[in-house]
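To start, the structure under review is shown below, and the notes come after it.
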Amino acid sequence: MHRISRDISSVCHRGKKREGTFMHMFWDCHLLKSSWSSIHSFTHSVLDLQFDVSSSLYLLNDTYNLQLDHKKCRILILITYFAKK
Ligand SMILES: [Zn+2]
């Protein structure tokens, strides 16, 4: 938003310390860590599958390395959709 209007601060509106880049606002911000951790725990329990938390999975739906069947892949895509909302 700062690139559109210089009146809008480029600093993260949550933590107000770091620049609000895409990765910071959706993944790296320290105030989001507990949310992503909870979402990852929930995903583990629903899919009954062990995998590392990653920004490419949750932000870009990169499921290539997970070897999921079609049903679990759809569930994971739904979880990531609602998590980003
Ligand atoms: Zn932040």
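The values are calculated or read from the model by the stated rules, or taken from the named source; none is laboratory data. Note that the structure is predicted; figures quoted are calculated from it, not measured. All Cβ positions, glycine included, derive from the backbone under ideal geometry; neighbour counts span all protein chains shown. In case anyone asks, the SASA skips ligands and DNA or RNA and just uses the protein heavy atoms, side chains included. Shrake-Rupley method; radii C 1.70, N 1.55, O 1.52, S 1.80 Å.
Based on this model, can you work out whether residue 27 counts as closer than 30 Å to residue 16 by Cα and in the same structural domain as residue 15 (by TED's automatic domain parsing)? Judged against the criteria, residue 27 is a match. Listed by position, the helices (runs of 4 or more DSSP H) inside the stretch 6-85 whose residues that are of a type in the set (Ser, Thr, Tyr) and open to solvent by less than 90 Å² (accessible area, probe 1.4 Å) number at least 3 are 33-47, 55-60. Of all residue pairs spaced 6 or more apart or on separate chains, those with beta-carbon atoms under 7 Å, a first member in the stretch 18-34 that is under 18 Å from residue 85 (Cβ atoms) and free of Cβ contacts under 8 Å to residues at least 24 places away in the same chain and a second member that is within 10 Å of the ligand (Cβ to nearest atom) and open to solvent by 60 Å² or more (accessible area, probe 1.4 Å) are 29/14; 31/14. When the stretch 29-64 is filtered for residues that are at negative phi and acidic (Asp, Glu), the ones remaining, listed by number, are 52, 62.
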